[in-house]
Amino acid sequence: MKRSTQRILTTHVGSLARPEALVPILAAKDRGQPYDREAYSELVREAVADVVRRQSEAGVDVITDGEQGKASFFGYVVERFTGFEREPAPSGDDGSTRARSREYVDFPEYYAWSERIAEGLGGRGNTRKFGIDVCTGPVSYRGHAAVQLDIDNLRAAVKGRPHEEVFMPAIAPSYVFATLPNRFYRSDEEYEQALADALHQEYRAIVDAGFVLQVDDPRLVTYYMMNPGLSVADCRAWAARRVEAINHALRGIPPERVRFHTCYSIDVGPRVHDMALKDIVDVLFRIKAGAFSFEAANPRHEHEYHVFEQFKPPAGMVLIPGVISHTTNLVEHPELIAERIVRFARIVGRDNVIAGADCGFAASGIRFNDTHPSVAWLKFAALAEGARLATRELWGRA
């Protein structure tokens, strides 16, 4: 994994908006409905080439495929794993665990208002009307051809394009464990280990292809917000068990080939119940990864750079703080971005900071405050300019 040894490098979390022609095909694929496989392959190949070009042109250094072939950042696992079946959702279940979260409970007026606007725009709706995926048999990995197609598309797209490095996201076993119910394994431990064993094969394929692996799991920090009955101590203990599974999935993979991302997801709202970074960061540092990507542009968390004054990252770890936000269409000023970068560099060293984004720029539904795809590219250009300004200050260059 490259470091910012000569200048501040830039990257992002991974997910980028899919082209309009691809969206209905991805939706049909995700729902288990018939779709045109030839059209899907061609559109994904073109989409990956386009987002790679645009990342490079915007000045992003560490680039990816934008997860163009995936309907969501984690739903693809059902396609690539054995052992899952789609079942009808229980009557009256809209699939929104957030509806039982601390935020929804405390701010019902805001979320009712937000949902009404979303419905008026034709977005979201009942997220489980097509059923839920449940583990009903032995879990194993069958996604070898699918991940190889992702690798081939990305490798072809970056050829000849300026970049410093390439990464590819994959979901954490802990997120799948926390999201898809188990009705087969006798214990949580057996289920999670099976998931970790299966995902290990995807991780290995990505690293063996020469890419940096990014492991994604927002649930490690959102578990507190989504479970009002649990204390901070309860959630720390829960996260610690999940970290063990992540490390099992990463066994044998050098930490310097891995970056880990967590965040507070795509929820746009008051966010007063987000878990404080100081309450979980030491647990996250146990993950055997060489870089840590997290939210730092979000106004609920921007002050948390101070956390690293007390909790020093493990030796050799790179921090990838979000210095641009995915929850607003306001484009951050490059001077503000530079200030955010410099704050971290002053604490952990300029070599140990890569400028990133809070989360992905391809939300799962239409909302009145989604970041428009055109704005995401403006944010990336601002990110690159902010990194140049930070480089000038940190290296003393004119």
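A few notes on this one:
- Label-point separation in nm, R116 to A237, each point 7 Å along Cα→Cβ: 4.2 nm
- Only helices enter this figure: runs of n ≥ 4 DSSP H residues, each worth -39500 (n - 2.57), summed and divided by the residues of the chain, yield -13000 deg cm²/dmol at 222 nm to the nearest 500.
- Fully extended contour minus Cα-Cα distance, from V23 to R53, at 0.36 nm per residue: 8.8 nm
- Extension gain, H163-N227: 0.36 nm per intervening residue step, less the Cα-Cα distance, totals 18.9 nm.
- Alpha-carbon centroids, segment 165-221 and segment 5-71: separation in whole Å: 20 Å
- Packing, taken as the mean count of other beta carbons within 10 Å per residue, orders the peptides 289-302, 322-335 from highest to lowest as 289-302, 322-335.
- Inter-label distance, nm, simple model (7 Å from Cα along the C-beta direction), E339/E38: 5.6 nm
- Between A276 and E189, the C-beta separation translates, for a Förster distance of 30 Å, into a calculated FRET efficiency of about 0.60.
- Reported label for calculated mean projected area of the Cα convex hull in nm² given (i) 21.0; (ii) 18.4; (iii) 19.7: (ii)
- In loop segments of segment 1-59 as defined by DSSP, the GluC sites (Glu not before Pro) with at most 10 further C-beta atoms inside 10 Å of their C-beta are E20.
- Label reach from R155 (point 7 Å along Cα→C-beta): in segment 187-218, amide nitrogens under 16 Å belong to 202-213.
Since every read-out is calculated from the coordinates, none of them should be taken as a lab result. On a predicted model such as this, the values are computed, not experimentally measured, just so you know. Cβ atoms come from the backbone with ideal geometry, glycine included; neighbour counts cover every protein chain shown.
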